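The values are calculated or read from the model by the stated rules, or taken from the named source; none is laboratory data. In this text the structure is predicted, and so the values were computed from the model without any measurement. Note: ideal-geometry Cβ built from the backbone for every residue, glycine included; neighbour counts use all protein chains shown. Accessible surface areas use protein heavy atoms only, side chains included; no ligands, DNA or RNA. Shrake-Rupley method; radii C 1.70, N 1.55, O 1.52, S 1.80 Å.
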Amino acid sequence: MPKKIVFGDNAAKEFNYPKNSLIITTTTHEIYSKWLEYIGITNYEIYDKVTPDPAIEAVEAIKKEYEGKNISAFIGLGGGSSMDVCKYLGKLSGIPKILIPTTFGTGAEMTTYAVISFEHRKKLLQDEAFLADAAIVDPYFLPGTPFNIMRNSACDAASQASEGYDSKLANPLTKLFCREAFEILEDAIVNDKPNLLPYGAMLSGIGFGNSSTTLGHALSYVFSNEGVPHGYALSSCTTVAHKFNSSIYYERFKRICQKLKFEPLKLKQPLDQAADVIMPDRGHIDNNPIPVTKQDIIKCLSEIVNGNPWE
């Protein structure tokens, strides 16, 4: 877990930020200027050109651009991409990292994971050096979030919690966090209580961040590589993976996706070719509760693209 976790109303506003921090974000000036006004930070640099699914070349370019400017801390402000870039920069430079999520889905502020693209393919990386020095979770950022972003983020968090519970690396403590996270997220989504999403996502990050996600995430990356938002891809992929694994969360996760009104996915590449891309993802597949073959993956992909996983 991060060295320091600050959660609740005004958490981001009351935090004492280091001078000459570099704020890393993906959003527009109109949006992040309101965020900066709220948190009250002064004496900072800002980098706002981070794109979804950031590439290693972009991370290295940021590092080079700000070398010699005596940056005291990296502040990842935004969704998973902003925080992943912040994490990787911290690993490369040894500069402290402060993570402030605004979309409440990835749980990235709590984990030792980062997703970075190498040669146009997303890779899940794990390193203790990615762990935040401080994680700040403030519900202030939830109102006004576009529906699609909130929907994808909520699905992402529920997917992580349920896959993390099923992971071969899970233990009683991680299962405790994952189970509690899923119950909170399920209540938030099914019963229209969005104010619960930040807390559920935070607990999900602690739970799966110390176990692992599994087959659903492995399946999702071929769709993300074709431009499908990560949470949207997980709606079908985790549903089908839970069915394959006979997960206790299969029916409940399916009900969440029905509530969020996701539509089935399409895949441009042949299923056999997509399976070849997925199979080397041992970080997810090896932790799946049931052994997975290439034919299993092709069958799962077929269920995803040739039917409706939530029927």
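For segment 284-294, which positions are in contact with a Phe, Trp or Tyr (Cβ under 9 Å, 6 or more places away or on another chain) and over 12 Å from GLY216 (Cβ atoms)?
ILE290
Output the residue which, of all residues in segment 1-26 that are under 13 Å from GLY78 (Cα atoms) and in contact (Cβ under 8 Å) with a residue 60 or more places away in the chain, is farthest from the chain's Cα centre (by Cα). If you could, list the steps in order and put the result at the bottom.
Residues of segment 1-26 that are under 13 Å from GLY78 (Cα atoms), as a first pass: 12, 23-26.
Next, only the ones that are in contact (Cβ under 8 Å) with a residue 60 or more places away in the chain stay: 12, 24.
On the way: ALA12: 20, ILE24: 16 Å.
Result: ALA12.
Taking the condition of being within 25 Å of ASN70 (Cα to Cα), charged (D, E, K, R) and exposed (fewer than 13 other Cβ atoms within 10 Å of the Cβ), how many residues in segment 1-46 meet it?
So the count comes out to 4.
Residues of segment 52-80 being at pLDDT below 95, under 17 Å from LEU99 (Cα atoms) and of a type in the set (Gly, Ala, Ser), which ones?
GLY78, GLY79, GLY80
Give segment 80-108 a look and list any residue that's outside any loop (DSSP other than H, G, I, E, B) and either among the aliphatic types (A, V, I, L, M) or in contact with a His (Cβ under 9 Å, 6 or more places away or on another chain) (or both), or say none.
To start, the set of residues in segment 80-108 that are outside any loop (DSSP other than H, G, I, E, B) comprises 80-93, 97-101, 108.
If the condition is that a residue be outside any loop (DSSP other than H, G, I, E, B) and either among the aliphatic types (A, V, I, L, M) or in contact with a His (Cβ under 9 Å, 6 or more places away or on another chain) (or both), then GLY80, MET83, VAL85, LEU89, LEU92, ILE98, LEU99, ILE100, ALA108 are the ones that fit.
Restricting attention to segment 132-183, which residues are touching an Asp or Glu at 6+ places or on another chain (Cβ under 8 Å) and closer than 24 Å to TYR221 by Cβ? Outline the logic, then answer.
So the first thing to find is which residues in segment 132-183 are touching an Asp or Glu at 6+ places or on another chain (Cβ under 8 Å), and the list is 132, 135-140, 158, 168.
ALA132, ALA158, LYS168 - these are the residues of segment 132-183 that are touching an Asp or Glu at 6+ places or on another chain (Cβ under 8 Å) and closer than 24 Å to TYR221 by Cβ.
Collect the residues in segment 211-221 that are at pLDDT 95 or above and more than 14 Å from the chain's Cα centre (by Cα), keeping them in residue-number order.
LEU215, LEU219
Do we have ILE136 as in contact with a strand residue (DSSP E or B) (Cβ under 7 Å, 6 or more places away or on another chain) and surrounded by 24 or more Cβ atoms within 10 Å (Cβ to Cβ) here?
So ILE136 fits the description; yes.
Residues are listed down the side, and each one gets a yes or a no for (1) open to solvent by 20 Å² or more (accessible area, probe 1.4 Å); (2) part of a helix (DSSP H, G or I); (3) modelled with pLDDT of 95 or more:
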site	(1), (2), (3)
THR174	no, yes, yes
ALA188	no, yes, yes
ASN195	yes, yes, no
GLU226	yes, no, no
THR238	no, yes, yes
ALA241	no, yes, yes
ARG252	yes, yes, yes
